[in-house]
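The values are calculated or read from the model by the stated rules, or taken from the named source; none is laboratory data. Bear in mind that the values here come from a model prediction, so they are computed numbers and not experimental data. Heads up, the Cβs are rebuilt from the backbone with ideal geometry, glycines too, and the neighbour counts pull from every protein chain shown.
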Amino acid sequence: MSKDNIAQQYNNMVASIEDAKIYDGRGEYNLYECNKCNNYKVTLYKDKGVTPFIMRCKCGGDMMHTKSSKQAPPSYVKVHNWVRPSLEQTMSLSESMRNHILNGGLILEDELK
C-alpha cells in the first residue's frame with residue numbers, strides 16, 4: 001500500500017471513528033493477567049478504538065483481559081494507555097500493526113516510544 005493510500009485510509013478512519021458502532025471504553029480501566037507468571041497490566045482507553053483481548057507477557061505467557069472497572073486503581077499501580085498513533089507513527093509500524101490501526105485499532109502508548 002502506498003503512503004498516499006495509507007494516509008487517505010488513516011484520515012478516513014479518524015474522521016469516522018467517533019460515529020463507529022464499536023465499544024467505547026474511554027474512562028474504563030482494564031485488567032490483563034498473565035496465565036503463566038501471574039503478572040498483570042492495567043490499561044485505560046485514551047481514544048475510542050479496538051484493543052486485543054489477549055496480549056503477550058514479558059515471560060512469554062498470555063495476558064488475558066479479565067476485568068473492567070470505572071474505578072481507578074491505587075496510585076502505586078502503573079496505568080498503560082491505549083492510544084491512536086499519529087499518521088507519522090502509523091507509517092513507521094509493521095504492516096500488521098499498521099493494518100490494525102487503519103481498522104480502528106489502538107496501541108499501548110509505551111510501544112510508541
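Residue check: is Asn30 among the polar types (S, T, N, Q) and modelled with pLDDT under 95?
Considered against the rule, which asks whether it is among the polar types (S, T, N, Q) and modelled with pLDDT under 95, Asn30 comes out as no.
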Breaking point among (1) surrounded by 15 or more Cβ atoms within 10 Å (Cβ to Cβ); (2) not in a strand (DSSP E or B), for Ile22: (1)
Top-ranked residue of region 80-94 - restricted to ones that are part of a helix (DSSP H, G or I) and touching a residue at least 60 places away in the same chain (Cβ under 8 Å), ranked as surrounded by the most Cβ atoms within 10 Å (Cβ to Cβ): Thr90
Condition broken by Gln8, with the remaining ones in (1) touching a residue at least 40 places away in the same chain (Cβ under 8 Å); (2) surrounded by fewer than 17 Cβ atoms within 10 Å (Cβ to Cβ) satisfied: (1)
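Residues checked against (1) aliphatic (A, V, I, L, M); (2) modelled with pLDDT under 95; (3) out of contact with any helix residue (DSSP H, G or I) (no Cβ under 9 Å at 6 or more places or on another chain):
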position	(1), (2), (3)
Ile6	yes, yes, no
Asn39	no, no, yes
Val42	yes, no, yes
Val50	yes, yes, no
Lys78	no, no, yes
Leu106	yes, no, no
Strands (runs of 3 or more DSSP E) lying entirely in region 29-74 (those with 3 or more residues that are surrounded by 15 or more Cβ atoms within 10 Å (Cβ to Cβ), within 17 Å of the chain's Cα centre (by Cα) and in contact (Cβ under 8 Å) with a residue 24 or more places away in the chain): 29-34, 40-45, 62-69
Candidates Lys41, Lys46 - the one that is within 13 Å of Leu106 (Cβ to Cβ), of a type in the set (Lys, Arg) and in contact with a strand residue (DSSP E or B) (Cβ under 7 Å, 6 or more places away or on another chain): Lys46
Residue count for region 95-113, restricted to those that are touching a residue at least 12 places away in the same chain (Cβ under 8 Å), more than 18 Å from Ser2 (Cα to Cα) and either surrounded by fewer than 16 Cβ atoms within 10 Å (Cβ to Cβ) or touching a Phe, Trp or Tyr at 6+ places or on another chain (Cβ under 8 Å) (or both): 6
